[in-house]
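This report refers to the structure that appears directly beneath it.
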Amino acid sequence: MISRHRVWVLELPKYPRTLRYPGHSPTLEQLQRILAVVDSHERVIVLLLSTGGFREGTLCRLRYGNLKDDFESGIIPCLVRVEPQITKGQGWGSRGYWTFLPKETVEALKVSFDERRRGNRWFRPEQIGDNNPLVRNRSSGTKVRPITPSAIWQIIHALYVKAGIISPCSNQQAHQRKGPDCPECGYPNQSRRRQSLSVHSLRWFFRTQMTSLCVGSEYVEFWMGHVNPLYNDIHSKGEEFSRQLYPKADLTVIPKPKLTDRQIIEAFIRGRGLDPGTILREEVQTEGFGEPHRIETSAQEREQWELRTLTEELAESFFKEHRIPNLSSGHYGSPGEIRTPVDGSPP
């Protein structure tokens, strides 16, 4: 107790923060297993949570108008503006935020919107406008209503089970809300029944992947809607500054095809402002690869020659840029040119 100007200030001890429900983010392999068992509606939900970092409450209140500009213009990454009114705590102390969506999420949204315009067994054809929900509740019948947080929870939990990531309680049929506690999972005892993977785990996946791909944690927290000490600084830099940072992480959930040696070399050559096709055409004219006696070359030999030509051109351009002498056996002498004196003295 400290007395100061007749005012008593009570100093309370600070206790460490405890997590009642500890959890973790799914791995990339687990998320790919989930995407292997989803339909178009479920795919949109999973990708929006895992590549946009949205809270489920915010996702339910997103409208088509939040991403209309970039979505209709075909700009990747697609900018999503989030107003403070639809964030946690209604954006107390903030002016809203923005985040981005990669190509695979935009493609999933296009498929979903096309189905909604055509109509399916869940709902009638819908005219998509600025105020239409980004994700529709497909159990609402003829009325256009946004999906609810509880519906998102049920969908994600069912996908975890369907993908074999978590296993349901084998005694689930005997569960009673008022007890007694299940001997296997503890239901309805909340301290035991919650899984380590939940809807929020997909949001953690976004943060884990972006920070591991060398994006500053302050920007990642901003894209997730957190008001950190650098919130105003990041907000003042504007949307386009953040747009340049997001693609550097190259966040993707769908596995990418592996590049061949030829594709890798061509990518490096284009990065240096050169055209692989022009290089090969000029080399053909120089070496006479197009002469009649060279036409009989097999496709495999031709591919090897083109790869060797492109590799040599890439190395030569690198040596010229950094002023490195081109090392060769002819310049420095090959091992066959080494002569040892008869008397045994060093050359």
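Computed from the coordinates by the stated procedures, all read-outs in this text should not be read as laboratory data. Because the structure is a prediction, the values reported are computed rather than measured. Glycine gets a Cβ as well: all are built from the backbone with ideal geometry, and neighbour counts include every protein chain shown.
Observations on the structure shown:
- Taking Cβ atoms as reference points and 12 Å as the exclusive limit, the residues near residue 49 contribute a net charge of +2, counting Lys and Arg as +1 and Asp and Glu as -1.
- Stretched out straight at 0.36 nm per residue, the stretch from residue 311 to residue 154 would grow longer than its current Cα-Cα span by 51.2 nm.
- Stretched out straight at 0.36 nm per residue, the stretch from residue 166 to residue 270 would grow longer than its current Cα-Cα span by 32.9 nm.
- When each of 143/178; 103/237; 103/320 is checked by Cα-Cα distance, pairs over 27 Å: 143/178; 103/320
- FRET E, pair residue 27, residue 284, Förster distance 45 Å, beta-carbon r, rounded to 0.05: 0.40
- Pairwise label distance in nanometres, residue 318 with residue 237, each label 7 Å out on the Cα-Cβ vector: 3.1 nm
- Listed residues 185, 100, 52: farthest to the positive end of the dipole of region 28-249 (Cβ charges): 185
- 12 Å Cα-Cα reach of residue 88 towards aspartates and glutamates, excluding residues that sit fewer than 8 places from it in its own chain: 56
- Put a dot 7 Å past the Cα of residue 83, heading toward its Cβ, do the same for residue 176, and the two dots end up 4.8 nm apart.
- Proximal aspartates and glutamates relative to residue 68, as straight alpha-carbon distance under 13 Å, when same-chain residues fewer than 8 apart are discounted: 130
- Separation in nanometres of the label points that stand 7 Å from Cα toward Cβ, at residue 132 and residue 258: 4.2 nm
- Sorted from longest to shortest, the spans of the Cα atoms of region 28-249 along the three principal axes equal 55, 44, 34 Å.
- Linear extension gain, residue 95 paired with residue 120, 0.36 nm per residue minus alpha-carbon span: 5.2 nm
- Residue order for 233, 70, fewest other beta carbons within 10 angstrom first, comes to 233, 70.
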